[in-house]
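Peer 1: This is the structure I have questions about; it appears just below.
The values are calculated or read from the model by the stated rules, or taken from the named source; none is laboratory data. Values in this document were obtained by computation on a predicted structure and should not be read as measured data. Virtual Cβ from ideal backbone geometry, glycine too; neighbours counted across all protein chains shown. The protein model used for the area step is the full one, side chains on, heavy atoms only, and it has no ligands, DNA or RNA in it. Shrake-Rupley method; radii C 1.70, N 1.55, O 1.52, S 1.80 Å.
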Amino acid sequence: MDRQRPRVLAERRILRYVREPKVRQALEAADLAGLERFCDRLHLLVPEAPSVLNHGDLWRGDVVADSDGDPAFIDPAVCWMWAESELSMLYCTDPPPDCFFGAYQEISPLADGWQERMPLLNLRELLSVVAHFGAVGDHVARIREIVRAFS
């Protein structure tokens, strides 16, 4: 695994949000410290895996059927990252049926424990929502739960 990837994920996709005004307003000092601890441990939490070309912003609304009824992805924000990071947004928002992940596993198997890692890799998306919209829904509670579980 590229040893830079956990640092890049920590600095540019998670900790960059702690400077956002709405995040600072929504989270307490203990939450921010927990995010730091979480990021310090990130290299221990995600197994080694090659970078793959990701959709970059995959959620259920980006999975549609083409004219033949086959699945197709729309609205990409392409990036190179762990395959698991791509699946985390889909898995943690409005997941498709289990057969989707079963088919994925047949084509490109994920490391053991991938389902348990989905929330930690979805942390960036939760922070992004808080940065844009403030403490809406259960996002802050979910951030706290992830930080508590993995830091």
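Peer 1: Can you find, within the stretch 29-58, the residue that is farthest from D75 (Cα to Cα) among those that are crowded, with 17+ Cβ neighbours inside 10 Å and in contact with a strand residue (DSSP E or B) (Cβ under 6 Å, 6 or more places away or on another chain)?
Peer 2: Across the stretch 29-58, the extreme among qualifying residues is N54.
Peer 1: Let me ask another. Could you please find all residues in the stretch 62-85 being assigned to a strand (DSSP E or B), open to solvent by 50 Å² or more (accessible area, probe 1.4 Å) and within 23 Å of L110 (Cβ to Cβ)? Write out each step before concluding.
Peer 2: So the first thing to find is which residues in the stretch 62-85 are assigned to a strand (DSSP E or B), and the list is 63-65, 71-73, 79-81.
Of the ones still in play, those that are also open to solvent by 50 Å² or more (accessible area, probe 1.4 Å) are 64-65, 71, 73, 80.
Once the filter is applied, which keeps residues that are assigned to a strand (DSSP E or B), open to solvent by 50 Å² or more (accessible area, probe 1.4 Å) and within 23 Å of L110 (Cβ to Cβ), the stretch 62-85 yields P71, F73, W80.
Peer 1: Which of the residues belonging to the stretch 87-110 are open to solvent by less than 40 Å² (accessible area, probe 1.4 Å) and either more than 16 Å from I14 (Cβ to Cβ) or among the aromatic types (F, W, Y) (or both)?
Peer 2: Pass one, the stretch 87-110, residues open to solvent by less than 40 Å² (accessible area, probe 1.4 Å): 87-90, 92, 96, 101-102, 110.
L87, L90, P96, F101, G102, L110, listed by residue number.
Peer 1: A follow-up question, please. Which one is farthest from R24 (Cα to Cα) among residues in the stretch 131-151 that are within 14 Å of the chain's Cα centre (by Cα) and open to solvent by less than 30 Å² (accessible area, probe 1.4 Å)? Show your work before the answer.
Peer 2: Step one: of the stretch 131-151, the residues within 14 Å of the chain's Cα centre (by Cα) are 139, 142-143, 146-147, 150.
Pick out the ones that are also open to solvent by less than 30 Å² (accessible area, probe 1.4 Å) and you get 143, 146-147.
Details: I143: 13, I146: 17, V147: 16 Å.
The qualifying residue farthest from R24 (Cα to Cα) is I146.
Peer 1: Can you tell me which condition V136 does not meet? The list is (1) over 20 Å from R19 (Cβ atoms); (2) assigned to a loop (DSSP other than H, G, I, E, B); (3) modelled with pLDDT of 90 or more, and all the others hold.
Peer 2: Here V136 meets the rest and fails (1).
Peer 1: Failed condition for P6, given (1) under 20 Å from Q115 (Cα atoms); (2) surrounded by fewer than 16 Cβ atoms within 10 Å (Cβ to Cβ); (3) out of contact with any Pro (no Cβ under 9 Å at 6 or more places or on another chain), with all others met?
Peer 2: Failed condition: (2).
Peer 1: Further question: Pairs under 9 Å by beta carbon, first residue β-branched (V, I, T) in the stretch 120-137, partner in a loop (DSSP other than H, G, I, E, B), six or more apart or different chains?
Peer 2: V129/V136; V129/G137; V130/E20; V130/L27; V130/V136
Peer 1: Here is a follow-up. Quickly run through the stretch 51-61 and pick out the residues that are more than 16 Å from Y104 (Cβ to Cβ) and either part of a loop (DSSP other than H, G, I, E, B) or under 15 Å from the mean Cα position of the chain (by Cα) (or both).
Peer 2: Residues of the stretch 51-61 more than 16 Å from Y104 (Cβ to Cβ): 51, 56-57, 61.
Listed by number, the residues that qualify are S51, G56, D57.
Peer 1: Tell me, which residue of the stretch 9-25 that is open to solvent by less than 80 Å² (accessible area, probe 1.4 Å) and not charged (D, E, K, R) is modelled with the lowest pLDDT?
Peer 2: L9
Peer 1: List pairs: first residue in the stretch 98-110 and closer than 17 Å to N54 by Cα and of a type in the set (F, W, Y), second residue open to solvent by 50 Å² or more (accessible area, probe 1.4 Å) and in a helix (DSSP H, G or I) anywhere in the structure, Cβ distance under 9 angstrom, at least six positions apart or on different chains.
Peer 2: Close Cβ pairs (under 9 Å, with a partner that is open to solvent by 50 Å² or more (accessible area, probe 1.4 Å) and in a helix (DSSP H, G or I)) amount to F101/Y91; F101/Q115.
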